[in-house]
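Enquirer: Just passing along the structure, written as structure tokens.
Please treat every number below as a calculation from the coordinates, not as lab data. Just so you know, these numbers come straight off a predicted model, no measurement behind them. A quick note on method: Cβ atoms are made from the backbone with ideal geometry, for glycine too, and the neighbour counts reach across all protein chains shown.
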Amino acid sequence: MTARVIDGTQLAKESRDRTTERVTAFRSAHGRTPGLATVLVGDDPAGGVYVRRKRKAAAEAGLADFHHHLPGDVTEAHVAGLLDELADDSRVSGILLQLPLPAGLDRHALVDRIPVGKDVDGLTTANQGLLARGLPGLRPCTPAGVITMLDSAGVSLDGAEAVVVGRSELVGHPAAELLLRRGATVTIAHSRTRDLAGVTRRADVLIAAAGVPGLIGPGHVKPGAAVIDVGIHRTEQGLTGDVAFAEVSQVAGWITPVPGGVGPMTIATLLANTIAAAEDTVASTTN
Ligand code: NAP
């Protein structure tokens, strides 16, 4: 079998085009431009690259850009003060605090200063609680993008066996919640899982989000499964993921490439969350 490739670049383009239309409609209806605030602390090179990509995509969608780059030795009180200002700024529809933060800053305390309606990364305790309860809220971008990719490929989730490798707050755990809400029978594997291949081979839908290059080989995959590779690794050969793409393509039914898979969809989902946040604010103030 040769797996069908789920083209994240194309799906992201379609999503971004829809967001651009919504931003234009919002501006016509309300006479102002929704904005995305990005906060980068320190000089982590990967964080800098991600923030630049997000800002560029946001600008292309017509969103206003409010970027803040703080030095790595900034105090937590200073970051908190900036987040509070952005929370009160009506021009800012969404706030993204780029992670990881430098050592010494309390990520949970800072993320939780973002108001739930501006939390376009879906990482506040409040939004994660809404997700756990299955209530409407802003969902974390990477897992939400993964679900969009599965839906676009026509992969059935209701009743499917899903295995998520990774249990992080950012990816693995919310991905499992979203799959559960869609009727999948979900197993979360992690670094302590015994016989990983035995667990992942049960999966009709396998999400690899361990951050270990090439962790998932053909022996980990049930023939015909949908394999979504969230991992991103910079190597001398270029970007690779957690899945051995060429070998697993011979076994899987669907597969996502790296690059050109989950990464572009994550950014597209951030933009979709930002316009949704702007629309929801208007809806809640006019109701
Ligand atoms: P993370 O916080 O480091 O979490 C990794 C998870 O994988 C942990 O739960 C860990 O288990 C588990 N794990 C580690 N080694 C394992 C192994 N050998 N077998 C099974 N499970 C293992 O990472 P993350 O933030 O979730 O990110 C995961 C990957 O996705 C990274 O490569 C990251 O760069 C990438 N990523 C990509 C996007 C995108 O847009 N494409 C977005 C976010 C992240 P324990 O909990 O037991 O330690």
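Enquirer: With Kirkwood's inverse mean 1/r over C-alpha pairs for Rh, give me the Rg to Rh ratio of the range 1-153, two decimals please.
Expert: 0.99
Enquirer: Express in whole angstrom the spacing between the alpha-carbon centres of the range 64-100 and the range 201-261.
Expert: Between the Cα centres of the range 64-100 and the range 201-261 lies a distance of 35 Å.
Enquirer: Tally Lys/Arg at +1 and Asp/Glu at -1 over every other residue whose Cβ is under 13 Å from the Cβ of Gln98; what's the total?
Expert: Neighbourhood net charge equals +2.
Enquirer: Label point 7 Å out from Arg107 along Cα-to-Cβ: which residues of the range 145-182 have amide N under 11 Å?
Expert: Answer for this model: 168-171.
Enquirer: For a label point 7 angstrom out from the Cα of His30 toward its Cβ, which stretches of the range 240-278 have the backbone nitrogen within less than 12 Å?
Expert: Residues 274-278 fall inside that zone.
Enquirer: Taking 0.36 nm per residue of separation and subtracting the Cα-Cα distance, what length does fully extending Thr185 through Gln237 add?
Expert: Contour length minus the Cα-Cα distance gives 15.1 nm.
Enquirer: Calculate the dipole size of the chain relative to its Cα centre from +1 charges on Lys and Arg beta carbons and -1 charges on Asp and Glu beta carbons; express the result in debye to the nearest 20.
Expert: 500
Enquirer: On alpha carbon coordinates alone, what is the Rg over Rh value for the chain, Rh being the Kirkwood radius?
Expert: For the chain, the value is 0.97.
Enquirer: Also: With only alpha-carbon atoms counted, please give the Rg and Dmax of the range 141-263, in Å.
Expert: Taking only Cα atoms of the range 141-263, I get Rg and Dmax of 12.7, 40 Å.
Enquirer: Quick one: net charge around Glu60, please, counting Lys, Arg +1 and Asp, Glu -1 for every other residue with C-beta under 12 Å from its C-beta.
Expert: +4
Enquirer: Still on this structure, please answer the following. Across the chain, how many lysine pairs, 8 or more apart or on two chains, come within less than 20 Å at their alpha-carbon atoms?
Expert: 4
Enquirer: About its Cα centre, what dipole magnitude does the range 31-115 give when the only charges are +1 on Lys and Arg Cβ and -1 on Asp and Glu Cβ, stated in debye to the nearest 20?
Expert: Dipole about the Cα centre, nearest 20: 460 debye.
Enquirer: Next up: Suppose only helical runs count, i.e. DSSP H with n ≥ 4. What mean residue ellipticity at 222 nm does that imply for the chain under -39500 (n - 2.57) per run, divided by all residues and rounded to the nearest 500 deg cm²/dmol?
Expert: -13500 deg cm²/dmol
Enquirer: Need the full-extension length gain, Val5 to Thr20, defined as separation in residues times 0.36 nm minus the C-alpha distance. One decimal, nm.
Expert: Answer, rounded to one decimal: 2.8 nm.
Enquirer: Please report the Cα spread of the range 27-107 along all three principal axes, rounded to whole Å, starting with the longest.
Expert: Principal axes ranked by extent give 44, 26, 15 Å for the Cα atoms.
Enquirer: For every other residue with a beta carbon closer than 14 angstrom to the beta carbon of Ala46, add +1 if it is Lys or Arg and -1 if Asp or Glu, then tell me the sum.
Expert: Net of charged neighbours comes to +2.
Enquirer: Distance in nm between label sites at Ser156 and Ala46, each 7 Å beyond Cα in the beta-carbon direction?
Expert: With each label placed 7 Å out from Cα toward Cβ, I get 3.7 nm.
Enquirer: OK, next. Among Gly224, Gly104, Gly72, whose mean-square fluctuation peaks in a Gaussian network model of the chain (Cα, cutoff 10 Å)?
Expert: Looking only at Gly224, Gly104, Gly72, the largest GNM fluctuation is found for Gly104.
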